[in-house]
Amino acid sequence: MSDDRLIVALDVPHAVAGLELAEKLGDAVGFYKIGLGMLTGGGLALANELKQEHGKRIFLDMKLFDIGATVEAAVRGLAQFDLDFLTVHGDPHVVAAAKQGAAGTDMKILAVTILTSLDRADLDAALIQPGDLGDLVLTRAGRALDAGADGVIASPQEAAAIRALPEANGKLIVTPGVRPQGAALGDQKRVATPGQAIADGADHIVVGRPIWQAEDPAAAARAVLQEISER
């Protein structure tokens, strides 16, 4: 049985490539993330096939952001696909609307705090209020959880601090920006190794390129699983 703490990001061009990768990974991986980049390449069909025909768990990473009524309608539509996790931006009105849309289903709503590809200079360019990035993540996480989010997406550096929040009791922390030892950072700026992320309080880690770009993706996945099994 696979260890579902590892979520593999299917950040490949289209559903055919995603299915081929899932077949290479086989039983080693039981949880997959499908993002916005694949939405026009058959992403929802792939999610449905992996879920219904292969018994995999699915994290749909849409990072929805809109007025409440639109978010609620979008989430209600996505919930029919029997997905496991769905991301929305962590603004309280967005989270509350998403929870309404997911009502009556098992789909978990995860709030994005601040993207792991951003640093303070990026926030300044976007006119986000001054202050330490880590403090802003904590504030956004707390507000999203208060609004009803089932968990948050946060970089490895913030996982331990979020886990310590009273609002985070019993909630999920899912951590992207995870890179095995020696892997290239890519476009991520706030990273950690798989074992460290789990040790710091993450329930799930998301790993993409270090697995799907490997010569042997299944071996790369097993190496990550070995590291987190020691935590």
Open item on the list: For segment 117-136: of the residues being among the hydrophobic types (A, V, I, L, M, F, W, C) and assigned to a helix (DSSP H, G or I), which is nearest to Arg179 (Cα to Cα)?
Closed with: Leu133
TODO: Please state which of the following conditions Leu50 fails to meet, knowing it meets all the rest: (1) assigned to a helix (DSSP H, G or I); (2) out of contact with any Lys or Arg (no Cβ under 7 Å at 6 or more places or on another chain); (3) open to solvent by less than 70 Å² (accessible area, probe 1.4 Å); (4) among the aliphatic types (A, V, I, L, M).
DONE: (2)
TODO: Considering only residues that are open to solvent by 10 Å² or more (accessible area, probe 1.4 Å) and of a type outside the set (Gly, Ala, Ser), look in segment 92-101 and name the one that is nearest to Ala73 (Cα to Cα).
DONE: Gln100
TODO: Take segment 102-130 and flag every residue that is under 20 Å from Pro92 (Cα atoms) and open to solvent by less than 50 Å² (accessible area, probe 1.4 Å).
DONE: Ala102, Met107, Ile109, Leu110, Ala111, Val112, Thr113, Ile114, Thr116, Leu123
Task: Conditions (1) crowded, with 24+ Cβ neighbours inside 10 Å; (2) in contact with a helix residue (DSSP H, G or I) (Cβ under 8 Å, 6 or more places away or on another chain); (3) within 18 Å of Leu86 (Cα to Cα): number failed by Gly148 - done: (1)
- [ ] State yes or no: is Gly77 in a helix (DSSP H, G or I), in contact with a Lys or Arg (Cβ under 8 Å, 6 or more places away or on another chain) and modelled with pLDDT of 95 or more?
- [x] no
TODO: Take Leu110 and decide whether it is part of a helix (DSSP H, G or I) and within 18 Å of the chain's Cα centre (by Cα).
DONE: no
TODO: Just give me the residues in segment 93-107 being in contact with a strand residue (DSSP E or B) (Cβ under 9 Å, 6 or more places away or on another chain) and not in a helix (DSSP H, G or I), in sequence order.
DONE: Met107
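The values are calculated or read from the model by the stated rules, or taken from the named source; none is laboratory data. In this text the structure is predicted, and so the values were computed from the model without any measurement. Methodologically, a virtual Cβ is constructed for each residue, glycine included, from the backbone with ideal geometry; neighbour enumeration extends over all protein chains shown. Accessible surface is based on the protein model in full, side chains and every heavy atom, while ligands, DNA and RNA are left aside. Shrake-Rupley method; radii C 1.70, N 1.55, O 1.52, S 1.80 Å.
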